[in-house]
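**Q** The structure's right below; bear with me while I get my questions together.
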Amino acid sequence: MSINSVDVLVVGAGPAGLSAAIELSKRGATTMLIDEQAQPGGQIYRGVELCGESDRKLFGYGYVRGRKIIEDFRQSPIDYKTRTVLVSIESNHVADIFENGVLKRVQAGAIIIATGAYERPVPIKGWTLPGVMTIGAAQIAAKQASVIPSGRTVIVGNGALLWLLAWQYRNFGASIDAIIDLGGRKQISKLLRDFWGFAASSYFLDGAKYYALSRVSTRVITARDQVEILGDTRVEGVVVMQKNGKYQKFAADTVLLHDGILPNTNLLGAIGCEMLWSLSQCSWRPKVNIWQETSVSGVFAAGDNAGIDGAIAAEYSGRIAALDALRQLQILTSQERDTLAQPWIRQRSRARWGRNFIDAYFSPSNTVKTASDATIVCRCEAITHESVSAHIQQEPRRLAHLKSMTRCGMGPCQGRMCSPSVAALTAQISDVHPYQVGPPSHRFPVSPLPLAALAKFDVGLSQDAGKLHE
Amino acid sequence: MKNDTGTTATFKRFSPCNNTVTIFVNGREIVASGRDTVATCLLVAGELAFQYNKASGEPRGPYCMMGVCFECLVTIDGVPDLQACLVPVEPGMRIETQKGVLQGRDT
């Protein structure tokens, strides 16, 4: 069986992966880029290639920047495989990929993982009803095919994206009946410390614009207590219960949730990369050095999956990872790498200005902590808050134990929708810090694939019996 | 906005689609956009529950729209448990919402 050989395998076609691939191919490295989606751009630049000219500006916030990156990408000699996922990597960088129903083996010199971010799950009662989705999902629908809700829409959550979406929806002509803001009291002293970085950043003027316009044009209710989504077979409304016992009800056909975003680290975890807890972002991220290299030699993490730094910083971290990969492959000398990387390193720092302020201002509300007993925590297996809490009380602090006792994390999403909540609950009930709970453990494959594909996979046993691993 | 069965779809488009594609959703002929994923197309066609949870039997629909939640599972051209949000529409595609998840495959 022939094994494909490349200098660098890049996983993910968002700004980090695209930028890394462009840099690699520009310097003469044979590059393969695989991505689970059908079109390049990741989530932030989804649909930008096919988006109508007049519609592009409706998304604001640098959406059109993605178009230039993708143009450069299309012109670069890169082996680009869509609808392809990384199934596993062995210690010598032999990667198995799943492309169009077929498993293939790739020998890479270095690997850059750029799997981006996803929305922190927002477990409130009724969140599993059809018609309830994340703000990210709403933006994806709009970017993909100009799709918006046609009925009554209520937003429930906390975070900068609430205000960006409200602004975008005004541009699309989508009405928002209410924004229920779960953001807690702001810690002024912490905010003041980070304010100057924010003021000098690109987020300041745009962010202020979205926030101000949305607050004056939309009904905003602050809710620090119980919020529940109502409905039987689909979403019908939202009820907000205030401390004084009074409640407000909103009819809704669509409910959009948000409570910040998390690095998508399942693949990095399965590879064995060491994880760090980010205090400011309340999430796990891989430990990386200045070159974005993880604790696993020759494996890099670039973009939001290495920590939420935004789309612009992602481009630079992709470039930086590419340059060190090139040095490791001896295509560049250390000196050449340092010279070429200098402007990217400077820009990466600049692009991060203002993030600390945004993180502090919108620190996660972690709805699971105040969720009612019947609230579902594990969506795949339909496991409730009550059940998870009871098990944590019996056997505190052991995530793996909880998984085997409740099945939390055993469904197809592999813990993406439940482990952040389970970890937050464990920390709360056991009265420990989240980092003491530890990151969830992951194993290959991090995306489900049919057994038949594995059965048909020819790893050349007939040729080299007993010599699977050199 | 009413679809063929007379029920009101919860989603619509803010820009007309220039490039249309004809597909079938639960036997109904639907005109989709060439830019649609199966998920966006189903939402505009008035489908909200794509499958029923294997543990609780409750109806579920798309939540993340990007491939991490595994709620948008549908059957496409006879192949079950495919994530609708990851699959672009193609002419003549036959899509069915489904009863459960991980129903198994013949091949």
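**Q** Inside the stretch A:222-242, can you point out the residues that are touching a residue at least 60 places away in the same chain (Cβ under 8 Å), outside any strand (DSSP E or B) and out of contact with any strand residue (DSSP E or B) (no Cβ under 6 Å at 6 or more places or on another chain)?
**A** A:R234
**Q** Test B:E71 against the stated conditions and say whether it is within 22 Å of A:T134 (Cα to Cα), more than 8 Å from chain A (Cβ to nearest Cβ), among the charged types (D, E, K, R) and assigned to a loop (DSSP other than H, G, I, E, B).
**A** Numbers: within 22 Å of A:T134 (Cα to Cα): yes; more than 8 Å from chain A (Cβ to nearest Cβ): no; among the charged types (D, E, K, R): yes; assigned to a loop (DSSP other than H, G, I, E, B): yes.
Considered against the rule, which asks whether it is within 22 Å of A:T134 (Cα to Cα), more than 8 Å from chain A (Cβ to nearest Cβ), among the charged types (D, E, K, R) and assigned to a loop (DSSP other than H, G, I, E, B), B:E71 comes out as no.
**Q** Also: Please return the ranges of helices (runs of 4 or more DSSP H) entirely within the stretch A:384-458 where 2 or more residues are within 14 Å of another protein chain (Cβ to nearest Cβ) and under 24 Å from the mean Cα position of the chain (by Cα). So that I can check it myself, show each step before the final result.
**A** Working: elements: A:385-394, A:399-406, A:419-430, A:434-437, A:451-456.
Because the criterion is at least 2 residues that are within 14 Å of another protein chain (Cβ to nearest Cβ) and under 24 Å from the mean Cα position of the chain (by Cα), the helices (runs of 4 or more DSSP H) in the stretch A:384-458 that meet it are A:419-430.
**Q** Hey, another quick one. Go through A:D309, A:D338, A:D324 for me and flag whichever is in contact with a strand residue (DSSP E or B) (Cβ under 9 Å, 6 or more places away or on another chain) and of a type in the set (D, E).
**A** Values: A:D309 fails: in contact with a strand residue (DSSP E or B) (Cβ under 9 Å, 6 or more places away or on another chain); A:D338 fails: in contact with a strand residue (DSSP E or B) (Cβ under 9 Å, 6 or more places away or on another chain).
Selected residue: A:D324, the only one of A:D309, A:D338, A:D324 that is in contact with a strand residue (DSSP E or B) (Cβ under 9 Å, 6 or more places away or on another chain) and of a type in the set (D, E).
**Q** If I filter the stretch A:188-221 down to residues being within 30 Å of A:K249 (Cβ to Cβ) and in contact with a Lys or Arg (Cβ under 9 Å, 6 or more places away or on another chain), which single residue comes out as surrounded by the most Cβ atoms within 10 Å (Cβ to Cβ)? Working first, answer last.
**A** Here is the first cut: in the stretch A:188-221, the ones within 30 Å of A:K249 (Cβ to Cβ) are A:210-221.
Checking which are in contact with a Lys or Arg (Cβ under 9 Å, 6 or more places away or on another chain) leaves us with A:213-214, A:217-218.
Numbers: A:L213: 14, A:S214: 22, A:S217: 12, A:T218: 19.
The extreme case among them is A:S214.
**Q** In the stretch A:436-459, which residues are among the aromatic types (F, W, Y) and either modelled with pLDDT of 90 or more or under 22 Å from A:T375 (Cα atoms) (or both)? Before you say what the answer is, go through the steps one by one.
**A** Initial filter on the stretch A:436-459 (among the aromatic types (F, W, Y)): A:444, A:457.
Matches in the stretch A:436-459: A:F444 only.
**Q** Under 6 Å by Cβ, and 6 or more places apart or on different chains, what pairs join a residue from the stretch A:337-356 that is closer than 20 Å to A:A29 by Cβ with one that is of a type in the set (V, I, T) and assigned to a helix (DSSP H, G or I)?
**A** Going by the 6 Å Cβ cut-off, the qualifying pairs are A:A341/A:I320; A:W344/A:I320.
**Q** Give just the number: which of (1) more than 14 Å from chain B (Cβ to nearest Cβ); (2) under 19 Å from the mean Cα position of the chain (by Cα) does A:A110 not satisfy?
**A** With respect to (1) more than 14 Å from chain B (Cβ to nearest Cβ); (2) under 19 Å from the mean Cα position of the chain (by Cα), A:A110 is out only on (2).
**Q** Which ranges mark the strands (runs of 3 or more DSSP E) fully within the stretch A:243-351 that have 1 or more residues being out of contact with any helix residue (DSSP H, G or I) (no Cβ under 9 Å at 6 or more places or on another chain) and within 14 Å of chain B (Cβ to nearest Cβ)?
**A** Values: elements: A:247-251, A:254-259, A:261-263, A:275-278, A:283-286, A:299-301.
Qualifying strands (runs of 3 or more DSSP E): A:247-251, A:254-259.
**Q** A:R234 passes all but one of (1) of a type in the set (K, R); (2) more than 14 Å from chain B (Cβ to nearest Cβ); (3) over 23 Å from A:S363 (Cβ atoms); which number fails?
**A** Among (1) of a type in the set (K, R); (2) more than 14 Å from chain B (Cβ to nearest Cβ); (3) over 23 Å from A:S363 (Cβ atoms), A:R234 violates only (2).
**Q** Quickly run through the stretch B:46-81 and pick out the residues that are out of contact with any helix residue (DSSP H, G or I) (no Cβ under 8 Å at 6 or more places or on another chain) and within 21 Å of A:D35 (Cα to Cα).
**A** Passing the criteria: B:V68, B:C69, B:F70, B:E71, B:D81.
**Q** Among the numbered criteria (1) away from chain B (no Cβ under 13 Å); (2) within 21 Å of the chain's Cα centre (by Cα), which single criterion is violated by A:R185?
**A** Against the list (1) away from chain B (no Cβ under 13 Å); (2) within 21 Å of the chain's Cα centre (by Cα), A:R185 comes up short only on (2).
**Q** Then there is this: Being more than 14 Å from chain B (Cβ to nearest Cβ), small (G, A, S), surrounded by fewer than 22 Cβ atoms within 10 Å (Cβ to Cβ) and over 25 Å from the mean Cα position of the chain (by Cα): is that true of A:S372 here?
**A** Numbers: more than 14 Å from chain B (Cβ to nearest Cβ): yes; small (G, A, S): yes; surrounded by fewer than 22 Cβ atoms within 10 Å (Cβ to Cβ): yes; over 25 Å from the mean Cα position of the chain (by Cα): yes.
Yes.
**Q** Out of A:R105, A:R56, I need the residue that is basic (K, R) and assigned to a strand (DSSP E or B). Which one?
**A** On the way: A:R56 fails: assigned to a strand (DSSP E or B).
Step by step, each of A:R105, A:R56 is checked, and only A:R105 is basic (K, R) and assigned to a strand (DSSP E or B).
**Q** Would you check if there is a residue in the stretch B:21-31 being within 11 Å of chain A (Cβ to nearest Cβ) and part of a loop (DSSP other than H, G, I, E, B)?
**A** Scanning the stretch B:21-31, I find no residue that is within 11 Å of chain A (Cβ to nearest Cβ) and part of a loop (DSSP other than H, G, I, E, B), so the answer is no.
**Q** Can I ask one more? Spot the failing condition for A:V368; the list is (1) closer than 16 Å to A:R120 by Cα; (2) not in a helix (DSSP H, G or I), and only one is missed.
**A** (2)
**Q** Could you list, ordered by first residue, the pairs with Cβ atoms under 7 Å in which the first is in the stretch A:45-57 and facing chain B (nearest Cβ under 10 Å) and the second is among the hydroxyl-bearing types (S, T, Y), at least 6 apart or interchain?
**A** A:G52/B:S15; A:D55/A:S146; A:D55/B:S15
**Q** Can we say B:L43 is buried (at least 24 other Cβ atoms within 10 Å of the Cβ), at the interface with another protein chain (Cβ under 7 Å from one of its Cβ atoms) and over 22 Å from A:E49 (Cβ atoms)?
**A** Values: buried (at least 24 other Cβ atoms within 10 Å of the Cβ): yes; at the interface with another protein chain (Cβ under 7 Å from one of its Cβ atoms): yes; over 22 Å from A:E49 (Cβ atoms): no.
Here the answer is no, as B:L43 does not meet what is asked.
**Q** Next question. Just to verify a result, which residue in the stretch B:88-103, among those that are at pLDDT below 95 and within 9 Å of another protein chain (Cβ to nearest Cβ), is surrounded by the fewest Cβ atoms within 10 Å (Cβ to Cβ)?
**A** If we take residues in the stretch B:88-103 being at pLDDT below 95 and within 9 Å of another protein chain (Cβ to nearest Cβ), then B:L102 is surrounded by the fewest Cβ atoms within 10 Å (Cβ to Cβ).
**Q** Pick out the one residue from A:V156, A:V132 that is away from chain B (no Cβ under 12 Å), within 20 Å of the chain's Cα centre (by Cα), modelled with pLDDT of 95 or more and farther than 24 Å from A:L18 by Cα. Spell out the reasoning first.
**A** On the way: A:V132 fails: away from chain B (no Cβ under 12 Å).
It is A:V156.
**Q** I've got another one for you. Could you check how many residues of the stretch A:64-103 are at pLDDT below 95, within 21 Å of the chain's Cα centre (by Cα) and small (G, A, S)?
**A** 1
The values are calculated or read from the model by the stated rules, or taken from the named source; none is laboratory data. The structure presented is a predicted model; accordingly, all values stated were derived computationally and were not measured. Using ideal geometry, Cβ is built from the backbone for each residue, glycine included, and neighbour counts are taken over all protein chains shown.
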